[in-house]
Amino acid sequence: MNKFAVKGLTLALMMAGGSAMAALPSGATGTTVSGGSVHFTGSVVDAACAVSQDSVNKEVPLDQVRLAAFGTTPGAGVAAGQKKAFSITLADCDSTVSSQAAVTFNGTEPQGLPGALDNTAGAGGAQGIGIQIYDADGSALPLGQESKATTLIDGTNNLNFTADYITTSDTAPTAGTVDATATFNVTYQ
C-alpha cells in the first residue's frame, strides 16, 4: 500500500470516528443497561496442597462400548475392559506439611453392585450398567474407601486413576447413555 493510500485511509477513519461522536447531542451521556452478573467461587484450604482448578469439576468421557464387551452370561461385576485414565491434580504442594495424599470418591451406588457408581442417565439410559473407579495399581476402588496413599513431592502431584463401564445386576444389560457423578475428598497424611 502506498503512503498516500495509508494517509487517505487514516483521514477517512478519523472523520468517521468524529461523525459518530458528533451524532450524540451535546450533554448526552448514552444509555446503560443491565448486563448480568459475575459469580466468583473458590475456597481457601489449610492443607499440604490445593486441588488444581482443572480437577475441581473434572469431565472423563468414556469411549463408546458395545454390549458384547460384557459377554453373553449376565452377572454383576463384569467390566467392559476399556479403562479410561484420569487424574486428580494437586498443586502448590509442600511435602513438609504432609508427606502423602489419598482420595476418597463418593456417589450413588447401584443396588446390585455396591462400591460402583450408579448410572443416573434416566430415560434412554443403559440399564444394568454403572462405572467402576480403579486405583493407580488397577485394583477396584470402592466408593467411600480411600485410595492407596501417594507420596507427595513439592509442587504438582498427579493422583492417577482409571474408570470403566461395569455391569451392576444379574440381568442382561441394555444399551443407552451412561451418566454418573462422583465427588471426591483428599486426605493428607
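The values are calculated or read from the model by the stated rules, or taken from the named source; none is laboratory data. These figures come from a predicted structure and were not determined experimentally. Please note: Cβ atoms are built from the backbone with ideal geometry, for glycine as well, and neighbour counts cover all protein chains shown.
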- prompt: From the residues in the stretch 83-137 that are charged (D, E, K, R) and touching a residue at least 40 places away in the same chain (Cβ under 8 Å), which one is nearest to residue 164 (Cα to Cα)?
  reply: 83
message: Being more than 17 Å from residue 56 (Cβ to Cβ), more than 20 Å from the chain's Cα centre (by Cα), surrounded by fewer than 18 Cβ atoms within 10 Å (Cβ to Cβ) and at pLDDT 95 or above: is that true of residue 110 here?
response: no
- prompt: Which pairs do you get when a residue that is under 21 Å from residue 71 (Cβ atoms) and touching a residue at least 40 places away in the same chain (Cβ under 8 Å), found in the stretch 167-189, comes within reach of a residue that is part of a loop (DSSP other than H, G, I, E, B) and among the polar types (S, T, N, Q), reach meaning Cβ atoms under 7 angstrom, with the pair 6+ apart or on two chains?
  reply: 173/127; 174/127; 176/127; 178/119
- prompt: Inside the stretch 54-73, can you point out the residues that are touching a residue at least 24 places away in the same chain (Cβ under 8 Å), under 17 Å from residue 176 (Cα atoms) and in contact with a strand residue (DSSP E or B) (Cβ under 7 Å, 6 or more places away or on another chain)?
  reply: 62, 65, 70
- request: Would you mind finding the one in 129, 88 that is in contact with a Ser or Thr (Cβ under 6 Å, 6 or more places away or on another chain) and buried (at least 18 other Cβ atoms within 10 Å of the Cβ)?
  value: 88
